[in-house]
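Some notes on the structure that comes next.
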Amino acid sequence: MNKNFEYLGNTFQLQLLNQIVVDREFSSSIMDVIESSYFDNKYFKIILQMTKEYYVKYESTPNFETLDQIVKSEISQELVAKIVVDTIKQIKNAPLEGTLFVQEKALKFCKQQELQKAMDKAQKIINEGDFESYDKVEGLVREALQVGERETGITDIFANLDTVLEEDFRHPIPIGIPGIDKLLKGGLAKGEIGVILAPTGVGKTTILTKIANTAFNLGYNVLQIFFEDNPKIVQRKHFTLWTGIAPDDLVIHKEEVMSKINEVHETMKNELILKKLSSDSMTMNQIKNQVRKIIADGTRIDLILLDYIDCVLPESTSKDEWKAEGSVMRGFESMCHELNLVGWTATQGNRSSISSDVVTTDQMGGSIKKAQVGHVIITIAKSLQQKEMNLATIAITKSRIGKDGVVFENCKFNNELLEIDTESSVTFLGFEEQQEERKRDRVKELLDKRKLREAGPTIN
């Protein structure tokens, strides 16, 4: 720790852990802010991580006896387990004097530890002479100083005037589809979530992968979680986006592909992490715990993609399935808010969506409560003819950010090459008018043909 900071060392950290265990009200206020990496002592780190994992699962902190049991069941190395148990006893017997001081200083401790990490990263950037990353230093420091602030939900109306009045105050991450990015005012910002709604096999994963690839290419750290695909298939999709070579042809052009991938790897300093999870066995709290572990290991995540939300289990069994499905989506939004991430996920359309010219929000499979949560809902529809021609109809059916009720009719949508192009758009009203006009023209055409048949052959 830099001695320019107020040094809150071993004794303070011991008492802080004590308060996290014994004071439930205090622990609930600090648990989403504090990280195991903030502690100097290796065994303090282990204990806090176990406490956080328990908290994520049960929404409560374990008592000291439960902590002992967790250690004995999860740490196989006898010597390490003994030291951790002894450390738990020290925490339990921490002096009660200064409790209020510890609680008052807890957030300051988290903030200055995060600031120290930011300074270390900034120093590394400077030492390496990475001129292109200099602009990241300000962002690192700003984020460190904001630790814990977003958890209160309280903002002074006169606070942060300079940043509020910035032209691009949201700092959105684009999705890589220009027409849609324009309507979303540059994309989604941290704390916001977007939902891709479509029937099965239409292109949900294509859009999510394109979003992930776009963000990574722009220098953001991306975590792409999926339940159903093989990791190698997802890798190939990204290789296609970087090379323009179809997945089935990557092997034929192996040398060219390897050259391009190595170039990307050497150029980019950020990370694109792929994570496969078991389908229908994970709750959102468990997923949040997985994400926290990645962050605790030193990777700052900017964007998370969950392919897809329907594979996530609710936290508890409920007779009200619709309410349970809605709670999963709310859990995803809560995670993105707490961890300061941009979130994208996908959900299946119901049976009626399969034959729709435009998929609408009320065609979401399962609970409509899922639709109430997302900041943005983008839908995809494909007729058989559109599939053959690599076309689709994309619609923005909900947007808290910009204009919604917009349809991109017959836009380019090539699943194989992950190419999506929205050159023109019409409003829902315009689209429906066009559809009605086509129907009227078709009816008129059929009636004219019938009249001709009834009139019989023309005799010259």
Checklist entry - Between K451 and D421, what is the FRET efficiency for a Förster distance of 30 Å, r being their Cβ-Cβ separation, to the nearest 0.05? => result 0.10
Checklist entry - Taking a 18 Å limit on the Cα-Cα distance, which of the listed pairs K237/K260; K82/K293; K232/K254; K204/K269; K111/K288 fall beyond it? => result K82/K293; K204/K269; K111/K288
Checklist entry - Where the centre of each part is set by its Cα atoms, how far does segment 95-124 sit from segment 32-76, in angstrom? => result 18
Checklist entry - Taking other Cβ within 10 Å of each residue's Cβ, how do T345, T299 sort, fewest first? => result T299, T345
Checklist entry - What fraction of the Cα pairs in segment 337-382, stated in percent, has a spacing above 11 angstrom? => result 68
Item to check | Hull shadow area, averaged, segment 178-424 [alpha-carbon convex hull, nm²] | outcome: 13.1
Item to check | Positive-end residue of S37, L115, L8, charge dipole of segment 1-124 with Cβ unit charges | outcome: L115
Checklist outcome for this item: With a Förster distance of 22 angstrom and the Cβ-Cβ distance between N10 and N63, calculated FRET efficiency to the nearest 0.05 equals 0.45
Item to check | Nearest-20 debye value, segment 1-128 charge dipole, Cβ charges on Lys, Arg, Asp, Glu | outcome: 260
Item to check | Packing-based exposure ordering (other Cβ within 10 Å, fewest first) of F44, F64, F408 | outcome: F64, F44, F408
Checklist outcome for this item: Here FRET efficiency (C-beta to C-beta, T267 to S383, R₀ 41 Å, nearest 0.05) is 0.50
Checklist entry - Simple spin-label model, 7 Å along Cα-to-Cβ: H253 to D120 in nm? => result 4.2
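Can you sort S76, S37 from fewest to most other Cβ atoms within 10 Å of each residue's own Cβ?
In increasing order of surrounding Cβ atoms, one gets S76, S37.
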Checklist entry - In nm, to one decimal, how far is the Q77 label point from the N414 one, both placed 7 Å along Cα→Cβ? => result 5.2
Checklist outcome for this item: For segment 10-142, the Cα gyration tensor yields equivalent-ellipsoid semi-axes (√(5λ), largest first, whole Å) of 31, 18, 14
Next on the checklist: Per residue of segment 262-273, what does 6.51 cos²θ - 1.76 cosθ + 1.60 with θ = phi - 60° give for ³J(HN,Hα)? Whole Hz please, x for Gly and Pro, Karplus curve as stated.
Outcome noted: 4, 5, 4, 4, 6, 7, 7, 9, 8, 10, 10, 9
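Values quoted throughout were computed directly from the atomic coordinates according to the rules given, and no laboratory measurement underlies them. Fair warning: this is a prediction, and the values are worked out from it, not measured in the lab. Heads up, the Cβs are rebuilt from the backbone with ideal geometry, glycines too, and the neighbour counts pull from every protein chain shown.
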